[in-house]
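Bear in mind these aren't lab numbers, they're just calculated from the coordinates by the rules spelled out. Here the structure is a predicted model, which means the values were calculated and not measured. With ideal geometry, Cβ positions are generated from the backbone for all residues, glycine too; neighbour counts draw on all protein chains shown.
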Amino acid sequence: MKTKFQIQELLGIGLTLVVLGIGLAYGLEVMGDVRDDMITGAAGCDATNQTGCAVDFNATDSTMQGVSKIPEKMPTIATVIVAAVIIGVLVTYLWGRFR
């Protein structure tokens with residue numbers, strides 16, 4: 001069984017990472033706007049002190065913290081993809097050469 005790989009296939013992977021980054025950035029911006037709308041001005045709930053805020057504010061804040069972990073890992077994900085491609089090219093080349 002032979003597997004063929006073309007370098008043009010990397011374009012799709014790269015564009016997927018770009019679209020993911022843009023989508024996450026805009027999503028986090030929207031979540032920030034929603035969270036800011038939930039500041040009620042109640043006792044202890046303002047822009048500087050958020051300990052007395054309602055559950056809906058805390059939920060959006062926790063969601064933002066969770067989603068923001070994904071962009072932090074994007075460089076690692078890209079490195080793993082590039083390493084996998086390089087290893088795949090080398091293995092394919094060396095397998096054919098020394099076979």
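A few notes on this one:
- Look at where the Cα atoms of region 21-36 and of region 54-99 average out, and the two centres are 21 Å apart.
- Separation of the Val55 and Ile86 label points, Cα + 7 Å toward Cβ, nm: 5.0 nm
- Hypothetical label at Leu20: residues of region 80-99 whose amide nitrogen lies under 20 Å (7 Å Cα-Cβ projection): 80-89
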